[in-house]
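Beneath this line is the structure, given in structure tokens, with notes to follow.
The values are calculated or read from the model by the stated rules, or taken from the named source; none is laboratory data. Source: prediction; values computed, not measured. Counting neighbours? That spans all protein chains shown, and the Cβs are built from the backbone with ideal geometry, glycine included. Side chains are part of the model used for accessible areas, which takes the heavy atoms of the whole protein and leaves out ligands, DNA and RNA. Shrake-Rupley method; radii C 1.70, N 1.55, O 1.52, S 1.80 Å.
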Amino acid sequence: MSKPTPISGFPEWLPAQRMIEQSVVERIRATFELYGFAPLETRAVEPLDQLLRKGETSKEVYVLRRLQEDPGAPSDDSLGLHFDLTVPFARFVLENSGKLQFPFRRYQIQKVWRGERPQEGRYREFLQADIDVVDRDNLPFHYDTEMPLVIGDAFASLPIPPATILVNNRKVCEGFYRGLGLEDPDQVLRTVDKLDKIGPEKVAALLVETAGATDAQAKACLELASISAEDSSFVDAVRALGVDNALLDEGLEELVRVVDAGTEHAPGLIRAELKIARGLDYYTGTVYETQLRGYERFGSICSGGRYENLATAGNERFPGVGISIGVSRMLGLLFGRSALGVSRSVPTCVVVALPAEELRPACDRIARALRSRGISTEVAPSAAKFGKQIRFAERRGIPYVWFPGADGAADTIKDIRSGDQVEADASTWQPPAEDLTPVVSGS
């Protein structure tokens, strides 16, 4: 078999990176549960009509199809892999609404698939960590203010650069555009959302071309998008543009509540950024994007927003608000700059040295005694010279080597970092807490 060629966009982390990922996911999960979110996992596939009914995503959906179809079996052509976790969650709520208690708070940490052009930090298969709250008929706005606080605490628990959560409210944008006299605010939103990709001049030209804006209206849209503040001063900046609209007023009031809550919880965590729109059509109010300090040019690593009509069936409506951490995206960027490390490349804390192959059963008993108390242990792969067995541990970052006693002598354990070696009993010895499991750190 020839050496395989990697498939771009489908990351496979090395063991040390995978341990970092597991540690990050565990800390995120713990934060979500501290806030009372319940775990959920949905199936990987959804009907295409569900996946495609909101937003411009048809180019990104992977279709499920068997290589050889059975003529008598139903076709899978109508199924696609989910491209986010919000759409499947909305479907799950509709199917199980009679079994759920509302408001329903859930977290979901799963792989998703998206047919994008692979690039640094952007993949075709990646891990997301979502939280959402949905309610029946009406969802109180205070959940919009809670979302960034949860994410702020999750990021604060990780050894990563400081995060800034950028917030806006689509009611601000839509109300402003309608106040200007623009009749297709959704098209304006989609165009303004391209600001960071193509720049203000091209956005202005597209507004004239695709949204029917005059040059003056396009200029006003760009002036709104340029407003940014870490406090409620953004309201005065919007008012100074001289546009009046009831929906605009409502959006500004809601956005102030989100910013004020974030400032009280963690000063500097939240910034009102009125160019944030989010491209998916199902968002109706608050929207979030998140940047890591020093990685701003890569865009958002965590985003979401409020949706009023994504989960609807007949007269039933389940409005919600959610936010999603792009775990693979964030880790890929940090791995690319060696900004995350782990104290060792394996979980093992202790290697039991093997004096001779016939003594392996005795060494296995020592390992079992250590494992029974939660100490990750392996026996050396072969009965080589002790120096070679120590180097085996050193190459993997394993801190301790256990030496079985000979001729009735006591066992000893050696900290190969310091060289200290002491007598030890496998039924009682305990490593320092910081050595028990690999430690993830940032640089």
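Does G442 satisfy the criteria of being at positive phi and either open to solvent by 30 Å² or more (accessible area, probe 1.4 Å) or not basic (K, R) (or both)? No: the conditions fail for G442. Can C349 be described as crowded, with 19+ Cβ neighbours inside 10 Å and farther than 28 Å from L14 by Cβ? Judged against the criteria, C349 is not a match. Pairs meeting the criteria (first residue in the stretch 415-437 and on the phi > 0 side of the Ramachandran plot and hydrophobic (A, V, I, L, M, F, W, C), second residue open to solvent by less than 90 Å² (accessible area, probe 1.4 Å) and modelled with pLDDT of 95 or more, beta carbons under 9 Å, at least 6 apart or on different chains) are lacking.
Criterion applied to A211, A229, A205, A225 was being at pLDDT 90 or above and touching a helix residue (DSSP H, G or I) at 6+ places or on another chain (Cβ under 6 Å), and the one residue passing it is A225. The set of residues in the stretch 255-286 that are part of a loop (DSSP other than H, G, I, E, B) and touching a strand residue (DSSP E or B) at 6+ places or on another chain (Cβ under 8 Å) comprises G268, L269, L274, K275, I276, A277, R278, Y282, Y283, T284, G285.
Among the residues of the stretch 250-263, is there at least one that is over 29 Å from the mean Cα position of the chain (by Cα) and either closer than 20 Å to E146 by Cβ or open to solvent by less than 60 Å² (accessible area, probe 1.4 Å) (or both)? Looking for residues that are over 29 Å from the mean Cα position of the chain (by Cα) and either closer than 20 Å to E146 by Cβ or open to solvent by less than 60 Å² (accessible area, probe 1.4 Å) (or both), one finds at least one in the stretch 250-263, hence yes.
If you filter the stretch 365-410 down to residues that are of a type in the set (D, E) and modelled with pLDDT of 95 or more, you find that the one that is most open to solvent (accessible area, probe 1.4 Å) is E394.
Within the stretch 331-344, not a single residue is in contact with a Ser or Thr (Cβ under 8 Å, 6 or more places away or on another chain), at pLDDT 95 or above and under 25 Å from F141 (Cβ atoms). Only one of the numbered conditions (1) under 19 Å from A426 (Cα atoms); (2) in contact with a Gly (Cβ under 6 Å, 6 or more places away or on another chain); (3) of a type in the set (D, E, K, R) is violated by R344, and that is (1).
Consider the stretch 212-231 and keep the residues that are more than 27 Å from the chain's Cα centre (by Cα) and acidic (D, E). The one that is farthest from A272 (Cα to Cα) is D215.
Against the condition under 22 Å from the mean Cα position of the chain (by Cα) and at pLDDT 95 or above, how does A266 come out, does it pass? No.
Within the stretch 18-68, being of a type in the set (S, T, N, Q) and open to solvent by less than 50 Å² (accessible area, probe 1.4 Å) holds for S23, T31, T42, T57. For S338, the stated conditions do not hold, so it cannot be described as under 27 Å from L255 (Cβ atoms), among the small types (G, A, S) and in a loop (DSSP other than H, G, I, E, B).
Among the residues of the stretch 1-54, the one identified as basic (K, R), over 18 Å from L334 (Cβ atoms) and assigned to a helix (DSSP H, G or I) is R29. Selection within the stretch 129-185: residues that are part of a strand (DSSP E or B) and among the aliphatic types (A, V, I, L, M). The member of this set that is surrounded by the fewest Cβ atoms within 10 Å (Cβ to Cβ) is L166. Does R239 satisfy the criteria of being farther than 20 Å from D184 by Cα and either among the acidic types (D, E) or in contact (Cβ under 8 Å) with a residue 12 or more places away in the chain (or both)? So R239 does not fit the description; no. G322 falls short on exactly one of the conditions (1) closer than 28 Å to E434 by Cβ; (2) under 24 Å from the mean Cα position of the chain (by Cα), and that condition is (1).
Residues that are on the phi > 0 side of the Ramachandran plot and surrounded by 14 or more Cβ atoms within 10 Å (Cβ to Cβ) within the stretch 203-244 comprise just one, G212.
Per this entry, R271 is counted among residues that are under 17 Å from N169 (Cβ atoms), touching a Leu at 6+ places or on another chain (Cβ under 7 Å) and among the basic types (K, R). Out of the residues in the stretch 5-63 that are among the acidic types (D, E) and under 20 Å from the mean Cα position of the chain (by Cα), which is nearest to P88 (Cα to Cα)? Among those that are among the acidic types (D, E) and under 20 Å from the mean Cα position of the chain (by Cα), it is E41.
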